[in-house]
Amino acid sequence: QVQLAESGGGLVQAGGSLRLSCTASGLTFSRYVMGWFRQAPGKEREFVVAIHWSGGRTKYGDSVKGRFVISRDNAKNTVYLQMNSLKPEDTAVYYCAADLSPVDYIGSYSYWGQGTQVTVSS
């Protein structure tokens, strides 16, 4: 079965950085668009960023443009999210997801990880 395992979350001060990783198994990773979503307490799930299977195209949510960078290593079945200049409003559970839809698709993906908590203190 498909498994997506996130890691790298934690507590960081505002202005700091974190790097999330998501390693996939049970699917042909190099065929899938990989995305990151987040959900803060009491709020709806929010699209953060997605990357094309080739790594050549990306789509960023407006709230993270210029601060977050997504990348992938198809040889390691892993996608990364480098988060810089973190703000308290970035506090959320971050989910890795996989889908065969185009990279511009920001709806619900087919496969999801369990999530990793990111907390940004002011």
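Readers should treat all values here as calculations from the given coordinates under stated rules, not as data from a laboratory. Since the structure is predicted, the reported quantities are computational estimates derived from the model, not experimental observations. Cβ atoms come from the backbone with ideal geometry, glycine included; neighbour counts cover every protein chain shown.
Quick notes on this structure:
- Derived scalar couplings between HN and Hα for region 115-122 equal x, 9, 7, 10, 10, 10, 8, 8 Hz in order, rounded to whole Hz, by the Karplus curve 6.51 cos²θ - 1.76 cosθ + 1.60 (θ = phi - 60°), x for Gly and Pro.
- Taking 0.36 nm per residue of sequence separation and removing the Cα-Cα distance, the T58/S121 pair yields an extension gain of 19.8 nm.
- Peptide packing: for 79-88, 100-109, the average count of neighbouring Cβ atoms within 10 Å per residue gives the ranking 79-88, 100-109, highest mean first.
- Considering only V33, V2, G113, and ranking their Cα positions along the charge dipole of the chain that arises from unit charges at the beta-carbon of Lys, Arg, Asp and Glu, the one farthest toward the positive end is V33.
- Local charge for V33 was computed over the other residues whose Cβ lies under 14 Å away, with Lys and Arg +1 and Asp and Glu -1, and equals +2.
- Cα-derived Rg over Rh, computed across the chain with Rh taken as Kirkwood radius: 0.94
- What you get for the chain, charging only the Cβ of Lys and Arg (+1) and of Asp and Glu (-1), is a dipole of about 220 debye around the Cα centre.
- Each of S25 and R67 was given a label point 7 Å from its Cα along the Cα-to-Cβ line. The distance between the two points is 3.4 nm.
- Region 18-34 - phi-based ³J(HN,Hα) in whole Hz, Karplus 6.51/-1.76/1.60, Gly and Pro as x: 9, 10, 9, 10, 9, 10, 10, 8, x, 8, 7, 3, 5, 9, 9, 5, 10
- Gain upon complete extension [S85, L100; 0.36 nm per residue less C-alpha separation]: 2.3 nm
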